[in-house]
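Here is the structure we will look at, set down as structure tokens.
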Amino acid sequence: MSLRGRNFLTTQDFTHAELKDILDLAVEIKRGGGSAHPLKGKGLALLFFNPSLRTRSSFELGMFQLGGHAVVLAPGKDAWPMEPREGVVMDGEAEEHVKEATRVLCRFFDGIAVRCFPKFQNWAEDRLDPMLTAIAKYSTKPVINMETIVHPCQELALMQTIREHLGEPRKKKFLLTWTWHPKGLNTAVANSAALISTKFGMDVTILRPEGYDLDPRYVEAARENAKAQGGSLTVTSDIEAAYRGADFVYAKSWGAIPYFGRWEEEKQVRAGLKHFIVDAAKMKLTNNARFSHCLPMRRNVKVTDEVADSPAAMFIDEAENRLHVQKALLARLLG
Ligand code: CP
């Protein structure tokens with residue numbers, strides 16, 4: 001199957017078979033197979049509006065290992081701040097418009113990858129994913145989402161890790177649990193975990209405190225995925241019931257959407273929710289579940305040392321898989 005020239009903005013634009021094809025190629029690449037330098041002479045622009053350890057390392061190294069080259073640009077730091085909105089008077093911080101920046105990058109590169117988190121002030125605006133949407137509009141080359149309001153590359157690595165440790169994911173019990181964190185974080189990884197687990201037919205439970213529902217767009221998409229793939233989706237705040245019998249526990253903290261832009265108020269709400277931490281007592285309720293997290297992960301805030309340092313912990317494997325799945329993705333889109 002050919003995925004050449006397509007954008008990778010969300011896994012929802014791809015069928016289960018197409019995603020499985022990328023993961024199968026990643027298995028081959030991880031084993032040392034696949035063609036040696038499928039991207040010889042190709043270039044990828046990596047636009048980082050936010051910090052990164054894993055995403056930047058794995059994309060930059062991945063392009064090198066495929067025979068290509070990646071150039072990292074941090075708009076607002078070592079590249080000009082960019083304006084994504086149409087028709088505005090550009091008398092603020094932004095020095096250039098996405099219209100020019102994207103079209104110039106397309107003259108140099110074979111693809112553009114973008115990390116641009118929400119501004120965390122107004123979800124109604126953030127949920128439109130303005131920077132990624134504008135870049136995709138003006139790009140004539142494939143655009144890859146490196147985390148905006150979803151994190152589809154993390155999804156691939158997560159699903160690869162599940163396949164490695166649980167075998168066929170279909171009907172296995174996947175628990176996505178909210179955890180406490182001192183800050184209101186992006187919902188992207190949680191949205192993504194719900195999408196990919198249901199896309200692969202898992203029986204999925206989202207455990208979250210009242211008020212921490214994900215955007216209905218993603219919950220509904222996950223429900224549709226579950227229906228199409230023979231899995232299920234449950235949303236609950238019952239901690240014990242959620243953990244019981246789980247095969248895979250995935251932890252993530254995210255900010256309460258109704259409080260976007262009012263984080264001081266949200267702090268009072270989340271103050272009583274530290275007991276959502278992943279600990280050994282909760283893991284004992286599971287079916288000897290594996291545990292993972294996208295990283296970075298605050299120890300003894302989201303997960304106890306006891307669980308993080310146990311054989312159940314899979315987050316280093318998941319992080320490694322970022323490299324392999326992204327190489328497979330790049331080979332398919334740009335090769
Ligand atoms: N998981 C992840 O995307 O890590 P970074 O933020 O370090 O890239």
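Nothing in this text is a laboratory measurement; each read-out follows from the coordinates by a stated rule. Predicted, not measured: the structure shown is a model, and the values here were computed from it. Don't worry about glycine lacking a Cβ; one is built from the backbone with ideal geometry, like all the others, and counts go over all protein chains shown.
For this structure, a couple of remarks:
- Subset of the stretch 263-277 [surrounded by 13 or more Cβ atoms within 10 Å (Cβ to Cβ) and out of contact with any strand residue (DSSP E or B) (no Cβ under 9 Å at 6 or more places or on another chain)]: TRP263, GLU266, LYS267, VAL269, ARG270
- Output for the stretch 290-315, where each listed residue is of a type in the set (Gly, Ala, Ser) and away from the ligand (no atom under 14 Å from the Cβ): ALA308, SER310, ALA312, ALA313
- Residue in the stretch 268-281 that is more than 16 Å from the ligand (Cβ to nearest atom) and of a type in the set (Asp, Glu) present: yes
- Verdict on GLY33 being of a type in the set (Gly, Ala, Ser), farther than 19 Å from GLU168 by Cα, surrounded by fewer than 17 Cβ atoms within 10 Å (Cβ to Cβ) and free of Cβ contacts under 8 Å to residues at least 60 places away in the same chain: yes
- Residue match in the stretch 35-52 (condition: within 22 Å of ALA136 (Cα to Cα), within 16 Å of the ligand (Cβ to nearest atom) and polar (S, T, N, Q)): yes
- Within the stretch 71-125, if we keep just the residues that are within 16 Å of the ligand (Cβ to nearest atom) and touching a residue at least 40 places away in the same chain (Cβ under 8 Å), the residue that is farthest from GLY335 (Cα to Cα) turns out to be PHE120.
- Filter result for TRP178 (surrounded by 21 or more Cβ atoms within 10 Å (Cβ to Cβ), farther than 24 Å from PHE8 by Cβ and not charged (D, E, K, R)): yes
- GLU28 satisfies every condition listed in (1) away from the ligand (no atom under 16 Å from the Cβ); (2) within 23 Å of ILE149 (Cβ to Cβ) except (2).
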